[in-house]
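Below is one structure, written out as structure tokens, with a few remarks after it.
The values are calculated or read from the model by the stated rules, or taken from the named source; none is laboratory data. Nothing here was measured: the structure is a model prediction, and the numbers come from that model. Neighbour counts run over all protein chains shown; Cβ positions are idealised from the backbone, glycine included. The protein model used for the area step is the full one, side chains on, heavy atoms only, and it has no ligands, DNA or RNA in it. Shrake-Rupley method; radii C 1.70, N 1.55, O 1.52, S 1.80 Å.
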Amino acid sequence: VKNLLGEELIPVQKRTAIFFNGRYVNYPLRFRDMFQALDVRQMIVCFLDFSATRIRRRLGHTMNEESFEGWIKSHFGGALYNIYFGPYAEKVWGVSCARLSSSQLLRRVTTVGLWDIVKKAARRLIGLSAEGKAEYSQQPQAFYYGRRGARVIAERIKDVVERKGGTFLFEHRVEGIDVTPDN
């Protein structure tokens, strides 16, 4: 698509925020945003629960991870699920997290190790930069968009197909597809 559209495509940095605990925070989550949005008690509860969850996983104790709810609780703990992941997912999907399949998460949520959290916190305490890329998403943070909108992609594809002798038929039923080369 980039070759087809050339200069018509422009790179766009995705910036997404969600309303969490009375304020907007970046999504995907960054530790700084998460902990600025939590009060001290919530921060301690979430950290201890997350730590205990990671230790339980190391010892081989996991929950049923087939549902979104089970997967998140098994990887991040119940506290973060209850105050962040659960309400957010249910708002976005409009379905109970117990009914959402965890297989859909593999592209959207990644885990972070407890040791990584400790290292980041230590770097912050001694004044070194600890902020980096977002930890909890594999979703691309940049994308391409047509200068004249998304329709330009379909228009350009249509132009190329028609230049090569193809035609578009609308409101017709497909009865078959011929894939024989024109040699």
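Scanning the range 105-122 for residues that are modelled with pLDDT under 90, part of a helix (DSSP H, G or I) and either exposed (fewer than 10 other Cβ atoms within 10 Å of the Cβ) or in contact with a Cys (Cβ under 8 Å, 6 or more places away or on another chain) (or both) turns up at least one hit. Please go through the range 26-55 and pick out each residue that is of a type in the set (V, I, T) and within 17 Å of N82 (Cα to Cα). Passing the criteria: V40, I44, V45, T53. Based on this model, can you work out whether V161 counts as open to solvent by less than 60 Å² (accessible area, probe 1.4 Å), among the β-branched types (V, I, T), in a helix (DSSP H, G or I) and modelled with pLDDT of 90 or more? Yes: the conditions hold for V161.
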